[in-house]
Amino acid sequence: MMFPLPRLVLGGGVGFLFTVKRRRWSQCEQSPPRVVVIGAGVMGLSTAWSLARSGAQVVICDGGHAEKGSWGESRIARVSYADDVLVKLARRSYELYGELGKTSAEPLMCKTGCLDVGFKRESLDKLAQTYDRLAQPYQRLNHHEVQQRWPMLQLSSEYVEASVYCPLGDAVCAGVVLEALKDQILRHGGPAAIVDDPVVQIDRQGKTVTTADGSVIPYSKLVVATGIWTNGTLQKMSLPLLPLVTSIEQQTYYSTPSGMEDLYSSSHLPVIIEHNPPPQPQMKRRGGYMIPHLSNGVDGVKFGMHRQGPLLDNEDFPMAPGSTAASAKHFSCSATRGNDVWCSRWPEEEDAHLRAETDAFCKRVLPGLDPSAPPALTMRCPYDQQLYADEDFVVGVHPADPDVIIVGGFAGEGFKFGPAIGEMAACLVTGASFKVPESYHRFRLHRKTLI
């Protein structure tokens with residue numbers, strides 16, 4: 001069945017350093033400068049949390065778009081990247097998740113470990129070499145060793161016998177994380193720290209944000225963490241669009257045999273990352289992932305493919321000039337989807353191409369599941385993909401306005417890096433030092449694009 005996208009509901013209110021009326025917020029002379037964060041997904045909330053903990057006066061606004069990336073039951077946390085900087089960032093996120101977890105009555109994660117599998121040795125060997133450089137514990141496993149450890153896993157002979165297992169891998173309870181972040185923001189900033197109204201106007205000269213109910217909120221720094229809505233937000237600000245493109249991905253929860261649910265749960269299976277080579281050498285990475293069933297969660301085992309969904313082209317998601325031609329050359333979905341690459345509306349129906357991809361993936365790792373049976377759940381999730389020449393995120397001060405910080409371009413990687421990226425964005429606001437300083441240069445907005 002299809003699962004409708006819910007609207008994000010945030011607790012609002014007035015008071016705490018502000019005048020009683022909501023029509024105009026005052027900037028108290030005795031208070032620290034106010035930072036406004038637009039977007040209450042994992043990146044915006046993580047940024048606001050880090051700012052609040054540093055003593056900044058922060059307000060986060062979110063209009064509750066139905067189309068958003070930070071929703072659903074589960075995500076993955078892992079350090080399995082063949083990239084030293086990304087591993088360091090992922091480790092920092094784990095540290096911050098640990099701090100956040102101490103404040104939550106519910107666990108933020110289910111410990112699973114992470115198993116990387118693939119069709120060629122090269123990418124798996126690069127991952128193992130990265131682990132060696134950074135002294136990250138891991139194991140290389142052949143297919144027999146994999147099945148000995150996890151009896152339900154029977155890896156296909158299509159995969160090389162060189163899988164990489166890292167114990168630092170988890171299924172993230174996405175909804176619990178978002179609620180824990182909101183609770184901490186409210187604890188530090190009071191009820192006025194979260195505004196559940198869409199931003200309708202941004203005056204960069206006057207440095208104010210106006211919400212749909214007419215509230216005018218002044219700011220000293222503005223953080224834009226609006227995911228797939230980033231270019232639409234920049235358009236409101238009369239700032240140049242970034243090389244960002246929205247894709248609509250799909251996740252399918254495959255039903256487990258009756259009475260065997262626990263064998264397919266996070267207690268008995270790792271999260272899995274499938275390495276897929278790009279269909280053409282110049283194209284960006286793609287891949288697959290599997291998340292085991294979570295106790296008391298959605299029925300079934302979750303499968304999804306990275307960056308294989310159709311690209312969205314309509315006025316709500318404006319693109320920089322040249323994005324269509326660059327997408328055809330550099331996004332792998334342009335090679336795998338045939339003529340079904342672009343869509344002009346948010347699709348409500350199941351995507352046949354993505355379903356066929358996850359059916360095949362399911363058979364390659366969990367042949368005990370029946371992909372032909374009706375799934376427990378099918379859901380759609382957007383990615384904010386980017387057309388920079390590298391694979392890096394988009395985090396930095398906007399070149400045209402030093403008081404605007406952009407946080408985006410994560411394309412499905414948000415919960416893995418959310419707390420660390422939020423801390424990085426907060427450091428860009430406050431000038432504090434960040435634990436992974438290499439990230440500043442890597443993720444800056446002004447770098448080579450493919451357009």
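The values are calculated or read from the model by the stated rules, or taken from the named source; none is laboratory data. Every value quoted in this text rests on a predicted model; they were computed, and no experiment measured them. Cβ placement follows ideal geometry from the backbone for every residue including glycine, while neighbour counts extend to all protein chains displayed.
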Filter result (of a type outside the set (Gly, Ala, Ser), farther than 30 Å from residue 129 by Cβ and either touching a helix residue (DSSP H, G or I) at 6+ places or on another chain (Cβ under 9 Å) or at pLDDT below 95 (or both)) within the stretch 152-194: 177, 178, 181, 182, 184, 185, 186, 187, 188, 191, 194
Qualifying positions in the stretch 80-124 - closer than 19 Å to residue 361 by Cβ, part of a loop (DSSP other than H, G, I, E, B) and over 20 Å from the mean Cα position of the chain (by Cα): 119, 120
Output for the stretch 420-442, where each listed residue is within 14 Å of residue 84 (Cβ to Cβ), part of a loop (DSSP other than H, G, I, E, B) and hydroxyl-bearing (Ser, Thr, Tyr): none
Matching residues, the stretch 125-137, being assigned to a loop (DSSP other than H, G, I, E, B) and touching a strand residue (DSSP E or B) at 6+ places or on another chain (Cβ under 8 Å): 136, 137
Sole residue being in contact with a helix residue (DSSP H, G or I) (Cβ under 7 Å, 6 or more places away or on another chain), closer than 23 Å to residue 291 by Cβ and among the small types (Gly, Ala, Ser), chosen from 101, 118: 118
Candidate set from the stretch 320-340 (those that are in a loop (DSSP other than H, G, I, E, B) and within 20 Å of the chain's Cα centre (by Cα)); member that is surrounded by the most Cβ atoms within 10 Å (Cβ to Cβ): 331
Residue among 189, 232 that alone is surrounded by fewer than 22 Cβ atoms within 10 Å (Cβ to Cβ), over 17 Å from the mean Cα position of the chain (by Cα) and within 22 Å of residue 381 (Cα to Cα): 232
The stretch 44-103, subset under 30 Å from residue 132 (Cα atoms), among the hydroxyl-bearing types (Ser, Thr, Tyr) and touching a strand residue (DSSP E or B) at 6+ places or on another chain (Cβ under 8 Å), residue surrounded by the most Cβ atoms within 10 Å (Cβ to Cβ): 80
Filtered residue count, the stretch 134-179, keeping only those that are among the aliphatic types (A, V, I, L, M), over 30 Å from residue 104 (Cα atoms) and touching a residue at least 12 places away in the same chain (Cβ under 8 Å): 9
